[in-house]
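Student: Quick one: the structure is below, and I'll ask about it shortly.
The values are calculated or read from the model by the stated rules, or taken from the named source; none is laboratory data. All of these numbers come straight from a predicted model, not from anything done at the bench. Cβ atoms come from the backbone with ideal geometry, glycine included; neighbour counts cover every protein chain shown.
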Amino acid sequence: MSKNKNGTKKKEYFCHRDGFYNEFKNRKKNLKSQGSNKINGSCPSMIKYKQENGVVLVKFIRSHIGYDENIGRLNLKKDERAEIAGKLKSGVPLDVIRDHASNIH
C-alpha cells in the first residue's frame, strides 16, 4: 500500500488477465503450454482503495469482460487444484465447480 506525505493510503488491484502479452526475445523459460493469461485487451474488473483523513473509499468493478471464465486460468494453490480435481473425478458438474472456484477469487 502506498502512502503519500499527507498520510493518504492507496492500493489498486486489477484483473490478472487484463493487458497485452509481451513477447521476450531472450526468454530463459519456455512459455507455458496454455499460453499467456493476458487477453490482449482490457478487462474493467478492479478494486481501488483509498484511506484519507480516517475515511475509506473503495471503488469495485466486479464485471470481467473479454474472456470466458476458465478454471485453468485461475491462480489457485495446489490444495485448491487438488480439491477441484477430486470433485471432477467424483462427477460434480463443471458449472458447480466453476461457481465455487469463482467465489474463492
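Student: Just to be sure, is PHE24 in a loop (DSSP other than H, G, I, E, B) and either out of contact with any Pro (no Cβ under 6 Å at 6 or more places or on another chain) or surrounded by 13 or more Cβ atoms within 10 Å (Cβ to Cβ) (or both)?
Tutor: For PHE24, the condition - in a loop (DSSP other than H, G, I, E, B) and either out of contact with any Pro (no Cβ under 6 Å at 6 or more places or on another chain) or surrounded by 13 or more Cβ atoms within 10 Å (Cβ to Cβ) (or both) - is met.
Student: Residues in region 54-75 that are at pLDDT below 90 and not basic (Lys, Arg): how many?
Tutor: The total comes to 13.
Student: Then there's this: Would region 49-60 turn up any residue that is surrounded by 11 or more Cβ atoms within 10 Å (Cβ to Cβ), of a type in the set (Val, Ile, Thr) and free of Cβ contacts under 8 Å to residues at least 60 places away in the same chain?
Tutor: No, region 49-60 has no match at all.
Student: Within region 1-46, can you find the residues that are within 25 Å of LEU57 (Cβ to Cβ) and charged (D, E, K, R)?
Tutor: Result: LYS3, LYS5, LYS9, LYS10, LYS11, GLU12, ASP18.
Student: Exactly one condition in (1) more than 22 Å from the chain's Cα centre (by Cα); (2) not in a loop (DSSP other than H, G, I, E, B) is not met by VAL92; state its number.
Tutor: VAL92 satisfies all of (1) more than 22 Å from the chain's Cα centre (by Cα); (2) not in a loop (DSSP other than H, G, I, E, B) except (2).
Student: Looking at the structure I just gave you, is LYS38 touching a Phe, Trp or Tyr at 6+ places or on another chain (Cβ under 7 Å), surrounded by 12 or more Cβ atoms within 10 Å (Cβ to Cβ) and either among the basic types (Lys, Arg) or at pLDDT below 75 (or both)?
Tutor: It is true that LYS38 is touching a Phe, Trp or Tyr at 6+ places or on another chain (Cβ under 7 Å), surrounded by 12 or more Cβ atoms within 10 Å (Cβ to Cβ) and either among the basic types (Lys, Arg) or at pLDDT below 75 (or both).
Student: Let me ask you something else. Give me the pairs, please: first residue somewhere in region 15-27 and in the same structural domain as MET46 (by TED's automatic domain parsing), second residue anywhere and of a type in the set (A, V, I, L, M) and surrounded by 10 or more Cβ atoms within 10 Å (Cβ to Cβ), beta-carbon distance under 6 Å, and either six or more positions apart or on two chains.
Tutor: Once the first residue is in the same structural domain as MET46 (by TED's automatic domain parsing) and sits in region 15-27, its partners that are of a type in the set (A, V, I, L, M) and surrounded by 10 or more Cβ atoms within 10 Å (Cβ to Cβ) give ARG17/ILE39.
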